[in-house]
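Engineer: Here it is, the structure, as structure tokens.
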Amino acid sequence: MKITGLRVYQVDLPLREGRYSWSNGNFVEVFDSTVLALDTDAGITGYAECCPLGSAYLPSYAKGVRAGLEELGRHVIGLDPRDLNVVNAAMDLGLRGHPYAKAPIDIACWDILGKATGLPVYTLLGGKQQDKVALYRAISQQAPEEMARKIAGYRDEGYTKFQLKVGGDANEDIARIHATRTTLDNGEILVADANTGWNRHDAVRVVAAVSDLDVYIEQPCMTYEECRSIRQRTQRPFILDESINDEATLRRGLADDAMDVINLKVSKVGGLTRARLMRDLCVSAGLAMTIEDTWGGDIVTATIAHLALSTPENFSFSATDFNSYGTKDIATGAPKRVDGFMTISDAPGLGVEPIFEALGDVVLKV
Ligand code: MG
């Protein structure tokens, strides 16, 4: 089997709540997502989606996905898509870095491998280790009382894990964490995610002010070194996200005891091949993960579900159902949240079929 071409689609994903805000005044109202159809000479097409969280969250942006795919196409056409490591090696040889642009090709190859073998991707990733995955709900940054007020509605949707977007003014963030924790029940999880937004002195003030609360602290500062400094000054469980970009940064974090949980974003690390490697490394090291991505619609959510379902439950801290944050369906067969959990069918590959009317015309063909 050989890859014969790439068809690339661009789709706007508006938010149900109108706006998603996080640290440093950043926000997105309509997400710019890219869907890839990877064609083969066997009549099998693999699908994938990549959607950066705007342009200021990580070194990735929506137009970069499409520019990267245009550059990468010639390096993978003619290769057997079932040879995942061969395809990844060819991409790495042809384009240094830019893992998020390589991710859709890698993920589409997993979809093709599943369709060619008649197996769901979760089987190919090691087999189903849980029947359904617990989800978290991100709470967009607003005034403290407004964020606390939102908990009730999300709880009605079944969520028991909540991620507060902080990383703004330190005094207001302390109020956000206190206001929210007091509305939560015992057993409900609260994460305060600063998304790199605090300076060291702000972060020290915040972790001291919430030292008697049941709250996780996530990515307080920009650099790994700053985060480690804060980690050493708090007893709260500690999550790294933006500082864990690949296997090397994960191994460094493990060696330094720099975190208790990581957020594993599939596109950030280059796709499912590398995400699986990092997932397995975390399991072997006893580290739980939130399995997610930077953002996305139905196809990203399905990809997350396959990796999360093939992860042992006690290492699956949470996952994200991005397709429930948006208003637009872009594929059938994707997971739908039920009582704060998601699962996926045993259909071959990712088990999704794009809704081409929603995707519009092909914007790039290689
Ligand atoms: Mg985060």
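Engineer: Name the residues in region 152-175 that are more than 22 Å from the chain's Cα centre (by Cα) and more than 15 Å from the ligand (Cβ to nearest atom), would you?
Structural biologist: The answer is ALA152, GLY153, ASP156, ASP169, ALA170, ASN171, GLU172, ILE174, ALA175.
Engineer: Just checking, does region 57-73 include any residue being on the phi > 0 side of the Ramachandran plot and either of a type in the set (S, T, N, Q) or at pLDDT 95 or above (or both)?
Structural biologist: The answer is no; no qualifying residue exists.
Engineer: Tell me, which helices (runs of 4 or more DSSP H) wholly within region 154-245 include 1 or more residues that are touching a helix residue (DSSP H, G or I) at 6+ places or on another chain (Cβ under 7 Å) and open to solvent by 70 Å² or more (accessible area, probe 1.4 Å)?
Structural biologist: 170-181, 200-209
Engineer: It is to be established whether one or more residues within region 210-221 are under 29 Å from ASN85 (Cα atoms) and more than 14 Å from the ligand (Cβ to nearest atom).
Structural biologist: No, every residue in region 210-221 fails to be under 29 Å from ASN85 (Cα atoms) and more than 14 Å from the ligand (Cβ to nearest atom).
Engineer: Test of understanding: among THR301, THR327, which residue is more than 15 Å from the ligand (Cβ to nearest atom), over 13 Å from the mean Cα position of the chain (by Cα) and touching a residue at least 12 places away in the same chain (Cβ under 8 Å)?
Structural biologist: Working: THR301 fails: over 13 Å from the mean Cα position of the chain (by Cα).
Unique residue meeting the criteria: THR327.
Engineer: Can we say THR196 is out of contact with any Ser or Thr (no Cβ under 6 Å at 6 or more places or on another chain) and within 16 Å of the ligand (Cβ to nearest atom)?
Structural biologist: yes
Engineer: Right, next: If you scan region 125-135, which residues turn out to be among the small types (Gly, Ala, Ser) and part of a loop (DSSP other than H, G, I, E, B)?
Structural biologist: GLY126, GLY127 - these are the residues of region 125-135 that are among the small types (Gly, Ala, Ser) and part of a loop (DSSP other than H, G, I, E, B).
Engineer: I'm trying to understand the selection: among the residues of region 136-145, which are part of a helix (DSSP H, G or I) and out of contact with any Ser or Thr (no Cβ under 9 Å at 6 or more places or on another chain)?
Structural biologist: The first filter runs over region 136-145 and keeps only residues part of a helix (DSSP H, G or I), leaving 144-145.
Scanning region 136-145 gives a single hit, GLU145.
Engineer: Does ALA248 satisfy the condition of being in a loop (DSSP other than H, G, I, E, B) and closer than 26 Å to LEU277 by Cβ?
Structural biologist: When the stated conditions are applied, ALA248 does not pass them.
Engineer: Next question, about the same structure. ASP185 is checked against (1) closer than 21 Å to VAL210 by Cβ; (2) modelled with pLDDT of 95 or more; (3) among the acidic types (Asp, Glu) and fails just one. What number does that condition carry?
Structural biologist: The single condition ASP185 does not satisfy is (2).
Engineer: Separate question: Just wondering, is there one or more residues in region 195-209 that are touching a residue at least 24 places away in the same chain (Cβ under 8 Å) and under 28 Å from LYS336 (Cα atoms)?
Structural biologist: Yes: region 195-209 contains one or more residues that are touching a residue at least 24 places away in the same chain (Cβ under 8 Å) and under 28 Å from LYS336 (Cα atoms).
Engineer: If you go through region 23-73, how many residues are in contact with a strand residue (DSSP E or B) (Cβ under 8 Å, 6 or more places away or on another chain), open to solvent by 10 Å² or more (accessible area, probe 1.4 Å) and either within 22 Å of THR301 (Cβ to Cβ) or part of a loop (DSSP other than H, G, I, E, B) (or both)?
Structural biologist: 12
The values are calculated or read from the model by the stated rules, or taken from the named source; none is laboratory data. Note that the structure is a prediction, hence the values are computed from the model and not measured. Here Cβ is always computed from backbone atoms with ideal geometry, including for glycine, and neighbour counts include all displayed protein chains. Areas reflect the complete protein model, heavy atoms only, side chains present, ligands, DNA and RNA absent. Shrake-Rupley method; radii C 1.70, N 1.55, O 1.52, S 1.80 Å.
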